[in-house]
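For reference, the structure is listed below as structure tokens.
The values are calculated or read from the model by the stated rules, or taken from the named source; none is laboratory data. Fair warning: this is a prediction, and the values are worked out from it, not measured in the lab. Positions of Cβ are generated from backbone atoms using ideal geometry, with glycine treated the same way; all protein chains shown enter the neighbour counts. Surface areas here come from the heavy atoms of the whole protein model, side chains and all, with no ligands, DNA or RNA. Shrake-Rupley method; radii C 1.70, N 1.55, O 1.52, S 1.80 Å.
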Amino acid sequence: MDNSVISLIEKLAKSHSLELFEYRELIEKRTPESAELLAEYAVKARREIYGNSVFTRGLIEIGNYCKNDCLYCGIRRSNAACERYRLSEEEILSCADEGYSLGFRTFVLQGGEDAFFSDEVMCGIIRKIKAAHPDCAVTLSLGERSFESYKALREAGADRYLLRHETASKAHYERLHPPEMSFENRMKCLEELRSLGYRVGCGFMVGSPFQTARELAEDLKFIERFKPDMCGIGPFIPHRDTPFRGEPPGTLELTCFLLSIIRLIYPPILLPATTALGTIADNGRELGILAGANVVMPNLSPVSVRKKYELYDNKVCTGEESAQCRGCLEARMKSIGYEIVTDIGDIRFPSPQAGKNRQEKQIGGTIKSRID
Ligand code: 5AD
Ligand code: FES
């Protein structure tokens, strides 16, 4: 291994930061040996905070109607072949009840940008889940909404929000999205969510069209600056009914490499080994954990709708055999020496000092936040 690469990895492990050109070099010059060294440091950093625990969240895909037309996404509005659905409030609540008895203490309500799920509808659902399960966190993943909307949802009890930034390069963002979508608004949403006291997750696809080491380095600098509570990364996988159908998918190898880097940038971060990673390789999620991830998000949606929430081709966990993703993932994690825990799975700041400017206290499962 190149000595300059070893010193970059050591610098990153020690100072949690590299220059843009250094990230680029680390990515461009990567080898199986540098990936292994990086993963060793990453696993050590994670173990110091989380031991061998893997947090879990029950993912409920509440609907696939979407007003957006992102070029990569299988549920984009112009995909006429996509069979649309919405879960009813009763269905969502019963997924949460079932999830609770399976041991989930966090529910992620994810869906396309759909006016049907108005603030009124969502606030009602959030309140009911929190009333039924006060020891659980509710995470939303419903795309871009107004500040007022994020505020209302937060006041109804939502604790966390996942909104992938998709890419930290404006020029790249514009090649992945139609002109009516804006990079600035995406970033504004992330700032607003944080200002409202949500735990915030951002993230990006690995190997999306037009992405090079330069764009990835920008994503890493963004993570250094923003310090998200969570960062979801997974390989881009083409969907047959999108303009990117012929593009090559992202790789397991680069995704794992980046998981290790992100762990070292911000050791306490929550990093999921995503479903997309489990889709490009059968043991992708296990390898993601071994590279530094510490979260898995099993599917809790009714099996009858799972095939319809198809963001990319061949998504795993959509068949009858996947009715119980939690059990499947428990076995998978056990096989590599990790344990899925029944826990709300909040980020653990290393010392009280570290979370000082964002003091949070958990009261009856609701995260009360104050921005200093
Ligand atoms: N491949 C991989 N990930 C995708 N997403 C959307 N389409 C794809 C695809 N074709 C990701 C996006 C989005 C998240 C919900 O799923 O990053 O934010
Ligand atoms: Fe869903 Fe294995 S995690 S079937």
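Quick notes
- Identity of the residue in region 195-233, in a helix (DSSP H, G or I), charged (D, E, K, R) and touching a residue at least 60 places away in the same chain (Cβ under 8 Å), that ends up farthest from Ala158 (Cα to Cα): Arg214
- Any hit, region 233-247, residues being of a type in the set (Ser, Thr, Tyr), within 12 Å of ligand 1 (Cβ to nearest atom) and open to solvent by less than 30 Å² (accessible area, probe 1.4 Å): yes
- Among the residues of region 11-23, those that are touching a residue at least 12 places away in the same chain (Cβ under 8 Å) and within 15 Å of Ser260 (Cα to Cα) comprise Leu12, Ala13, His16, Ser17, Leu18, Tyr23.
- Those residues of region 281-309 which are farther than 26 Å from Arg47 by Cβ and either out of contact with any Phe, Trp or Tyr (no Cβ under 9 Å at 6 or more places or on another chain) or within 14 Å of ligand 1 (Cβ to nearest atom) (or both), in sequence order: Asn299, Ser301, Pro302, Val303, Arg306, Lys307, Tyr309
- Candidate set: region 331-342, residues that are assigned to a loop (DSSP other than H, G, I, E, B) and at pLDDT 95 or above; chosen: the one farthest from ligand 1 (Cβ to nearest atom): Gly337
- Put simply, of Leu287, Leu258, Leu264, Leu277 the only residue that is under 27 Å from Ile9 (Cβ atoms), open to solvent by 40 Å² or more (accessible area, probe 1.4 Å), at pLDDT 95 or above and in a helix (DSSP H, G or I) is Leu287.
- Of all residues in region 193-217 being surrounded by fewer than 21 Cβ atoms within 10 Å (Cβ to Cβ) and either of a type in the set (Asp, Glu) or more than 24 Å from Asn68 (Cα to Cα) (or both), the one that is nearest to ligand 1 (Cβ to nearest atom): Glu215
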